[in-house]
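Colleague: Below are the structure tokens for one structure; questions will follow.
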Amino acid sequence: MFISGIPLWVAETNTWVIAPEKGGLAVVIDAPPDVDGIAQLLIRHDLTPVALLVSHGHVDHVGGAGGVAGRYNVSAYIHPDDEFLYSNPAAQLRQLWGFELPGDYAPPQRWELLAGGTSLELAGIDFEVLHTPGHSPGHCCFHVAAEGVLFSGDQLFAGSIGRTDLPGGDYDTLMTSMRNRIVPLTPATDVFPGHGTTTTLAVELATNPFMQEFRT
Ligand SMILES: [Zn+2]
């Protein structure tokens, strides 16, 4: 399995690509509002995207979704509980961050809606959809069990967790998601987060201050 990523836009949000091999079909995970940046990552590894999975509706993950879906004519997936966020990323940006979305953002023509506990087969890869509300109500992580890989979005970072002070965020809900959906995964799971460096679940269980209550 081939996985590569790059931090994009002012929020340095990671976009990830996963493919059975370089030079083949790929799935894009999260779309910061820098479609050219995402395209360059795909070109660098000679990848052809077949779908876009979006972890949640914050503009730094969803702002490029329409551009990716349109440029490559692929389906974009997101959880419907974040509709109040992804339906208007420009307003979200203005309200929360105080500036206009640059470029020609347009949302995807249509969204494919994610549901927790389901699986998706894309580019020959099985993704288990883990609904992990807390950072936002519709936040999802994507688990590739066969490879021991978790795309954790803004649920879990190396050494930290996603903030819960934005609209729809809730700390207790995030920690319940952590206990029920993340902690039970194999400790050796490689974690590819929405911001910052990669890590493993074992390292986070041992050292992340927010995971202290899950240590045995
Ligand atoms: Zn976020």
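The values are calculated or read from the model by the stated rules, or taken from the named source; none is laboratory data. This one's a predicted model, so the numbers in the text were calculated from it and none came from an experiment. In this analysis, Cβ positions are derived from the backbone assuming ideal geometry, glycine residues included, and neighbour counts consider all displayed protein chains.
Colleague: Please verify whether residue 31 is in contact (Cβ under 8 Å) with a residue 24 or more places away in the chain, part of a loop (DSSP other than H, G, I, E, B) and among the aliphatic types (A, V, I, L, M), treating the condition exactly as stated. Walk me through it before giving the result.
Modeller: On the way: in contact (Cβ under 8 Å) with a residue 24 or more places away in the chain: yes; part of a loop (DSSP other than H, G, I, E, B): yes; among the aliphatic types (A, V, I, L, M): yes.
Taking the combined requirement at face value, the residue satisfies it.
Colleague: Taking the criterion of being assigned to a loop (DSSP other than H, G, I, E, B), within 17 Å of residue 116 (Cβ to Cβ) and within 16 Å of the ligand (Cβ to nearest atom), would at least one residue in the range 171-179 satisfy it?
Modeller: Step one: of the range 171-179, the residues assigned to a loop (DSSP other than H, G, I, E, B) are none.
No, the range 171-179 contains no residue that is assigned to a loop (DSSP other than H, G, I, E, B), within 17 Å of residue 116 (Cβ to Cβ) and within 16 Å of the ligand (Cβ to nearest atom).
Colleague: Look through the range 130-159, keep the residues that are in a strand (DSSP E or B) and within 19 Å of residue 32 (Cβ to Cβ), and return whichever of them is nearest to the ligand (Cβ to nearest atom). Outline the logic, then answer.
Modeller: Here is the first cut: in the range 130-159, the residues in a strand (DSSP E or B) are 130-131, 140-144, 149-153, 156-157.
Then keep just the ones that are within 19 Å of residue 32 (Cβ to Cβ); that gives 140-142, 151-153, 156-157.
Values: 140: 12, 141: 13, 142: 15, 151: 14, 152: 12, 153: 7, 156: 12, 157: 11 Å.
For the range 130-159, the residue satisfying everything is 153.
Colleague: Also: Any residue at all in the range 84-97 that's assigned to a loop (DSSP other than H, G, I, E, B) and buried (at least 23 other Cβ atoms within 10 Å of the Cβ)? Before you say what the answer is, go through the steps one by one.
Modeller: So the first thing to find is which residues in the range 84-97 are assigned to a loop (DSSP other than H, G, I, E, B), and the list is 87-88.
Cutting the leftovers down to buried (at least 23 other Cβ atoms within 10 Å of the Cβ) gives us none.
Among the residues of the range 84-97, not one is assigned to a loop (DSSP other than H, G, I, E, B) and buried (at least 23 other Cβ atoms within 10 Å of the Cβ), which makes the answer no.
Colleague: Within the range 156-211, count every residue that is more than 15 Å from the chain's Cα centre (by Cα), under 20 Å from residue 14 (Cα atoms) and in contact (Cβ under 8 Å) with a residue 60 or more places away in the chain.
Modeller: Counting residues in the range 156-211 that are more than 15 Å from the chain's Cα centre (by Cα), under 20 Å from residue 14 (Cα atoms) and in contact (Cβ under 8 Å) with a residue 60 or more places away in the chain gives 1.
Colleague: Just one of the numbered conditions (1) within 22 Å of residue 149 (Cβ to Cβ); (2) surrounded by 15 or more Cβ atoms within 10 Å (Cβ to Cβ) is not true of residue 107; which one?
Modeller: (1)
Colleague: Could you check, for the range 77-94, whether at least one of its residues is away from the ligand (no atom under 16 Å from the Cβ) and at pLDDT 95 or above?
Modeller: Scanning the range 77-94 turns up at least one residue that is away from the ligand (no atom under 16 Å from the Cβ) and at pLDDT 95 or above.
Colleague: Still on this structure, please answer the following. Using the structure shown, decide if residue 21 is in contact with a helix residue (DSSP H, G or I) (Cβ under 7 Å, 6 or more places away or on another chain) and either surrounded by fewer than 18 Cβ atoms within 10 Å (Cβ to Cβ) or assigned to a helix (DSSP H, G or I) (or both). Lay out the reasoning, then the answer.
Modeller: Details: in contact with a helix residue (DSSP H, G or I) (Cβ under 7 Å, 6 or more places away or on another chain): no; either surrounded by fewer than 18 Cβ atoms within 10 Å (Cβ to Cβ) or assigned to a helix (DSSP H, G or I) (or both): yes.
The answer is no for residue 21.
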